[in-house]
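Bear in mind these aren't lab numbers, they're just calculated from the coordinates by the rules spelled out. Here the structure is a predicted model, which means the values were calculated and not measured. All Cβ positions, even for glycine, are placed from backbone atoms using ideal geometry, and neighbour counts span all protein chains on display.
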Amino acid sequence: MITDKIRVGIIGATGYAGVELVRLLLSHPNVSLTAISSTSFEGQAITDIYPNLFGSCSLKLCSADEVPPLCDVVFAALPHGLSEPLAEKCAAVNALLVDLGADFRLTDEKEYTEWYGKTYEYPELHKGAVYALPEIYRDAIKQAAVIGNPGCYPTTVALGLMPALRGGFIETDGIIIDSKSGVTGAGRSLTQNTHYPDANEAFAAYKAGAHRHTPEIEQTLSDLAGKPVKVTFVPHLLPVNRGIESSIYARLKLGADFDTIYAAYENAYRDEYFVRVQPKGEYANIKNVRMSNFCDISLHIDKRTSTLIVCSCIDNMVKGAAGQAIQNMNLRLGLDERTGLTALPSAF
């Protein structure tokens with residue numbers, strides 16, 4: 001059990017996920033935020049970029065190389081391809097890396113190459129890395145040498161389907177995932193479709209059938225089902241800052257009934273603080289998880305087509321990124337995994 005303050009650093013602290021880590025870690029009772037870095041704003045105070053932190057964080061942004069030697073835990077909020085070399089530097093100084101990017105999510109290097117166009121530079125590092133979705137891989141996370149934090153869309157899908165797959169209630173072929181995300185999911189760098197005039201009062205799909213989270217989703221669902229699972233995944237951009245709602249459609253197996261399935265979900269998540277199965281007839285809503293580490297799940301059935309409909313909601317910046325990363329750190333270091341993450345969702 002950790003008793004002294006954990007020295008924590010953030011590389012990529014000025015991105016949306018990075019500054020969300022800053023916000024949450026400043027309230028963590030067991031953490032001392034020691035170093036933060038940014039390539040674009042090196043030398044500047046974090047409050048120059050994010051005035052909301054004024055009076056709460058006086059740190060200046062340093063280079064990425066300066067962070068690992070000062071820390072026990074390093075969070076990397078970086079684009080794919082940048083975390084592998086960082087993991088080696090962290091290992092050299094015995095610092096735990098929690099990677100919010102994609103470098104340690106996929107267990108199959110061929111899949112990583114196909115979807116991200118890169119190979120593993122340090123294959124040995126991947127042997128000790130754990131894909132860290134706490135509600136599914138809690139025991140493995142406690143032994144991880146490197147923590148691969150899950151993607152935001154895959155988190156909603158895995159939590160939304162885990163009890164149905166483990167209980168054998170649904171067919172594993174023909175699963176359709178219809179997901180909607182707020183614009184923060186695209187990151188801080190401006191793109192045309194996140195430019196205000198294009199995103200405001202708009203709603204459209206993007207990267208249909210070709211989103212890079214697809215292999216991550218299929219990897220976890222295949223593990224849960226015990227056999228290969230392929231899905232149709234279509235993400236959409238919502239004109240809101242935060243939140244993901246995934247509507248998931250799966251064919252029911254013969255004999256599966258709603259009450260049995262609902263009971264299985266309640267049993268699966270009864271002791272999971274951050275997963276809330278909604279009462280029958282209610283719908284999961286991104287408004288009700290905003291600024292929190294909760295995942296809300298509601299269940300519905302189309303009797304005419306024998307289809308299970310799962311609605312799964314998270315705040316993409318918290319349970320979909322920074323909050324889940326802190327939950328993983330807590331698990332790995334022997335803390336109560338809820339530490340620093342019990343703030344309730346905002347009512348509006």
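Overview of values
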| item | result |
| --- | --- |
| Rg over Rh, two decimals, region 6-127 (C-alpha only, Kirkwood Rh) | 1.00 |
| Beta bridges by DSSP in region 153-318, antiparallel share as percent, to the nearest 5 | 70 |
| Degrees between helix 258-269 axis and first principal axis of the chain (Cα, 0 to 90, nearest 10) | 20 |
| Under Karplus coefficients 6.51, -1.76 and 1.60, residue-wise ³J(HN,Hα) of region 195-206 in Hz, glycine/proline x | 4, 3, x, 7, 8, 5, 6, 10, 7, 8, 6, 8 |
| The chain: angle of helix 214-225 to the longest principal axis, Cα-based, in degrees nearest 10 | 60 |
| Measure of compaction for region 177-336 (Cα Rg per 2.2 N^0.38 Å) | 1.11 |
| Under Karplus coefficients 6.51, -1.76 and 1.60, residue-wise ³J(HN,Hα) of region 73-88 in Hz, glycine/proline x | 9, 10, 9, 10, 10, 10, x, 4, x, 10, 8, 4, x, 5, 4, 5 |
| Cβ charges +1 (Lys, Arg) and -1 (Asp, Glu), total dipole of the chain, debye | 520 |
| FRET efficiency, residue 346 to residue 54 (Cβ-Cβ, R0 22 Å, nearest 0.05) | 0.60 |
| Net charge contributed by nearby residues that have their C-beta within less than 14 Å of residue 128 (K/R +1, D/E -1) | -2 |
| Amide H contacts under 5 Å for residue 50, placed H, 5+ residues apart | none |
| Calculated from backbone phi, Karplus (6.51, -1.76, 1.60) coupling profile of region 35-50 in Hz, x at Gly/Pro | 8, 9, 10, 7, 5, 6, 10, 4, x, 8, 6, 4, 6, 5, 8, 10 |
| Using a Förster distance of 30 Å, the FRET efficiency for residue 113-residue 227 (Cβ separation, nearest 0.05) | 0.80 |
| Sorted by Cβ density within 10 Å, fewest first, the residues 218, 121 | 121, 218 |
| Overall dimensions of region 279-327 as given by Cα atoms, namely Rg and Dmax in Å | 13.1, 43 |
| Farthest positive-ward along the chain dipole, Cα basis, beta-carbon charges - from 172, 43, 116 | 172 |
| Highest-MSF residue in the chain out of 278, 219, 192 [GNM, Cα springs under 10 Å] | 192 |
| Mean Cβ neighbour count within 10 Å, used as a protection proxy, ranking 44-54, 65-75, 15-25 highest first | 15-25, 65-75, 44-54 |
| Globularity index of the chain, i.e. its alpha-carbon radius of gyration over 2.2 N^0.38 Å | 0.97 |
| Label-reachable residues, region 312-329, where backbone N falls under 20 Å from a point 7 Å from residue 188's Cα toward its Cβ | 316-326 |
| Cα-projected label distance for residue 253 with residue 27, points at 7 Å along beta-carbon direction, nm | 4.2 |
| Positive-end residue, region 269-310 charge dipole about Cα centroid, Cβ charges, pick of 288, 277, 306 | 306 |
| Within region 54-138, trypsin sites (Lys or Arg not before Pro) in DSSP loop having at most 15 other beta-carbon neighbours inside 10 Å | 118 |
